[in-house]
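Below you'll find the structure, written out as structure tokens, and then a few comments.
Each value in this text was obtained by applying a stated rule to the coordinates, not by laboratory testing. What you are looking at is a predicted structure, and each value in this text was computed from that prediction instead of being measured. Reconstructed Cβ throughout: ideal geometry from the backbone, glycine too, with neighbour counts over all protein chains shown.
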Amino acid sequence: MKIEDAMMLAAGLGTRLRPITDTMPKPLVPIAGKPMIDYGLDALAEAGVKRTVVNVHHFADQMKTHLANRTAPEIILSDETDRLMNSGGGLAKGLKLLGRGPVLVMNADLFWIGETPGEETNLQRLSDAFDPDSMDMLMLCVKLEDTTGHNGKKDFSMDGKGRLARYSEESGNPVVYAGAIAMMPALFDDAPDDAFNLNIYFDRAIEKGRLFGLMLEGHWITVGTPDAIGAAEAVIGTYREAAA
């Protein structure tokens, strides 16, 4: 399925990354010389996304200035300066600025490296595999051993058909949510106007057997604390040396 619209969740406070985030928003923290959010926005552009809503709250002016310099994808701002909406509320608000076609949803503070050059990217694969007739959401997932900076939590279990359930020892086959989703905006037509957590919709989809996962190719990186920056840059350096 061709997906040209996206939402980037970028309004968090980044409290665990203090003191760095006392003076700048977490998505603009540079990792290996590149702001975190640009890894995700570049991936969206490469996947053919034309328009991306980005929600802003913490140091919103810095975010607006940085995003104004981008040419692809087109950036549409969802301003949460007055009220932080949490992951679900922010997504529901931002989706109203887009059309009714399928969207990709990404977190601004994580990204991946190591995709195979010349082949479909992870986001292109996610778009192609999304089937709204059988899925509420198709979620990009990653094996725990292919992550850097993650807290070790196993988020979901994936069955042989890609269907996801909350992880348990009994169900096995653990995967980590990699922060990217393909979905239809209509899924959030009943969303409240207040702040709420996106996990509510994950659980609803699980109950209906309509939450699916697609395994990420490459290596996934998240940066939650100042100590994690060095680890992220080290693994990026390793991959760059291997590709040289």
**Study point:** Ile221 vs. criteria within 27 Å of Gly94 (Cα to Cα) and part of a strand (DSSP E or B)
**Key:** yes
Study note, to complete from the structure: Of the listed residues (Gly48, Gly101, Gly94), the one being more than 24 Å from Ala232 (Cβ to Cβ), out of contact with any helix residue (DSSP H, G or I) (no Cβ under 6 Å at 6 or more places or on another chain) and either of a type in the set (Ser, Thr, Tyr) or crowded, with 24+ Cβ neighbours inside 10 Å (or both) is Gly94
Practice item. Tell me which residues, restricted to segment 144-170, are within 16 Å of the chain's Cα centre (by Cα) and of a type in the set (D, E, K, R). Key: Asp155
Review point. Within segment 168-186, can you find the residues that are touching a strand residue (DSSP E or B) at 6+ places or on another chain (Cβ under 7 Å) and either within 22 Å of Asp131 (Cα to Cα) or not in a loop (DSSP other than H, G, I, E, B) (or both)?
Key: Pro174, Val175, Val176, Tyr177, Ala178, Gly179, Ala180, Ile181, Ala182, Met183, Pro185
